[in-house]
1. Taking the simple approach of a point 7 Å from Cα along Cα-to-Cβ for both ALA125 and ASN41, what is their distance in nm?
2. Pop a pseudo-label 7 angstrom from the Cα along the beta-carbon direction at both GLN164 and ASN79 and give the gap in nm to one decimal.
Amino acid sequence: MQFKQAALAAALVVASLSASATVYNIGVLPIAPAVYSNTVNVPAGAFSDTYNFSFPLTGDKASASAVSIQLNGLLDISNLKVDLFDASNNWIAGGAVGTSSSVNNVPLVAGANYYYTVTGTATGAVGGAYAFIASASPIPEPSTYGLMLAGLGAVGFLAMRRRQG
């Protein structure tokens, strides 16, 4: 009888440590200042969540972050990591591993499909939770480039005058 109880307890422990995976469909990635955000609770153990999206036609670069929500040992995530892939499963960029992870300002092809993965291990007594946020930056207006070139020209002119004077 004790063997059956021990086997049942072991099976419950193994089941609670099994991997968790959820797929979220963002649709078209919003352009900043708009953002996609999601707060996710995960059971104890390893997890790998996927966020599918299409890059907007007027987008320039993509960014995303995930942050572990820690609550006095009840909720905790270790080894949190964000990665970015194209639709052919080619890795494009990844963030550092820790209690937060970010992928910032990655140029992507307008209209193409991509996905982020958020992975980690929930180590809290009741699992873990994290907040995820993603957006695209808009394509800069031509006037932005004009102002930048004018500024560089002014800096060059001042440097030339200092050399001559």
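1. 1.6 nm
2. For GLN164 paired with ASN79, the spin-label model returns 6.3 nm.
Each reported figure results from applying straightforward, stated rules to the coordinates on display, with no laboratory input. For clarity, every value in this text was computed on a predicted model and none was experimentally measured. Note: ideal-geometry Cβ built from the backbone for every residue, glycine included; neighbour counts use all protein chains shown.
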